[in-house]
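Peer 1: Pasting in a structure now, in structure tokens, and then I'll have a few things to ask.
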Amino acid sequence: MRKTLEVVDGFHPNPAALTSRALDAHLVADGEPAAPGRGRLVGPCDVDRWAAATVSSLLGTTADRTVPAPDGGRFVLRDKEVPGDDAPHREPTDWTAIVFLSAAPPQGAGLTFLRQEPGGPDDWVECAFIPARFNRLVLYRSSVLSRRASPGFGIGVADGWLSHEWGFDIDPVPERTNRAL
């Protein structure tokens, strides 16, 4: 069974270049929120082959089995005007990768992960809190865990909560799925 949550510090070999790409990207929809409480999109941005291959190897699969969502990657900005998430958020893909690109996030900034209890739709149990740290990868199974983000910080792309995010699914190996159990 694959892991549900993985954290890797010092993930990207050139985080300054990735941050520079985010700073140079245009704000999508003139800075309008991407979704309530979710921050503003900056980008979109392709996922480089190195990052995709490294994430694949962390999950014990090969890059040709890792299939990104149609929108590919995106940079996300959460500034001080973006409140923390009130409700847990679930991505539409099986896995989500987030690389924090903020140089100096304040104490308490990060992601809370929750698991839904079998009792009902409003029964959530907090299972982890991952602080935001520059060049930290948070890789989680978004089909199992939901997340809530702490409030944004800063006033713009240069000093706000900036991250590179992408969702993906893992295609099963055909010879394993065709075999009867």
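The values are calculated or read from the model by the stated rules, or taken from the named source; none is laboratory data. Because the structure is a prediction, the values reported are computed rather than measured. Quick reminder, even Gly has a Cβ in these numbers, built from the backbone with ideal geometry, and neighbours come from all protein chains shown. The accessibility values were calculated without ligands, DNA or RNA, using every heavy atom of the protein model including side chains. Shrake-Rupley method; radii C 1.70, N 1.55, O 1.52, S 1.80 Å.
Peer 1: Does segment 113-122 include one or more residues that are at pLDDT 95 or above and either in contact with a strand residue (DSSP E or B) (Cβ under 9 Å, 6 or more places away or on another chain) or in a loop (DSSP other than H, G, I, E, B) (or both)?
Peer 2: Yes, the conditions are met somewhere in segment 113-122.
Peer 1: Out of the residues in segment 135-159 that are in a strand (DSSP E or B) and charged (D, E, K, R), which is least open to solvent (accessible area, probe 1.4 Å)?
Peer 2: Here the answer is Arg147.
Peer 1: A follow-up question, please. Across segment 47-61, what is the total count of residues that are exposed (fewer than 14 other Cβ atoms within 10 Å of the Cβ), in a loop (DSSP other than H, G, I, E, B) and charged (D, E, K, R)?
Peer 2: Residues flagged as exposed (fewer than 14 other Cβ atoms within 10 Å of the Cβ), in a loop (DSSP other than H, G, I, E, B) and charged (D, E, K, R) within segment 47-61 amount to 0.
Peer 1: A further question follows. Scan segment 62-87 for residues that are more than 14 Å from the chain's Cα centre (by Cα), surrounded by fewer than 17 Cβ atoms within 10 Å (Cβ to Cβ) and not in a strand (DSSP E or B) and report the count.
Peer 2: 11
Peer 1: Are any residues in segment 101-124 open to solvent by less than 30 Å² (accessible area, probe 1.4 Å) and of a type in the set (Phe, Trp, Tyr), and if so, which ones?
Peer 2: Phe113
Peer 1: Scan segment 88-100 and tell me whether some residue there is modelled with pLDDT under 90, open to solvent by 60 Å² or more (accessible area, probe 1.4 Å) and either among the hydroxyl-bearing types (Ser, Thr, Tyr) or out of contact with any Asp or Glu (no Cβ under 7 Å at 6 or more places or on another chain) (or both).
Peer 2: Checked segment 88-100: at least one residue is modelled with pLDDT under 90, open to solvent by 60 Å² or more (accessible area, probe 1.4 Å) and either among the hydroxyl-bearing types (Ser, Thr, Tyr) or out of contact with any Asp or Glu (no Cβ under 7 Å at 6 or more places or on another chain) (or both).
Peer 1: For segment 13-33, check the following and say yes or no: at least one residue is buried (at least 16 other Cβ atoms within 10 Å of the Cβ), of a type in the set (Ser, Thr, Tyr) and at pLDDT 70 or above.
Peer 2: yes
Peer 1: Now for a separate question. Name the single residue, out of those in segment 160-177 being in a loop (DSSP other than H, G, I, E, B) and over 17 Å from the mean Cα position of the chain (by Cα), that is modelled with the lowest pLDDT.
Peer 2: Val173
Peer 1: Something else: Looking at Ala132, Ala180, which is the one that is at pLDDT 90 or above, of a type outside the set (Val, Ile, Thr) and open to solvent by 10 Å² or more (accessible area, probe 1.4 Å)?
Peer 2: Ala132
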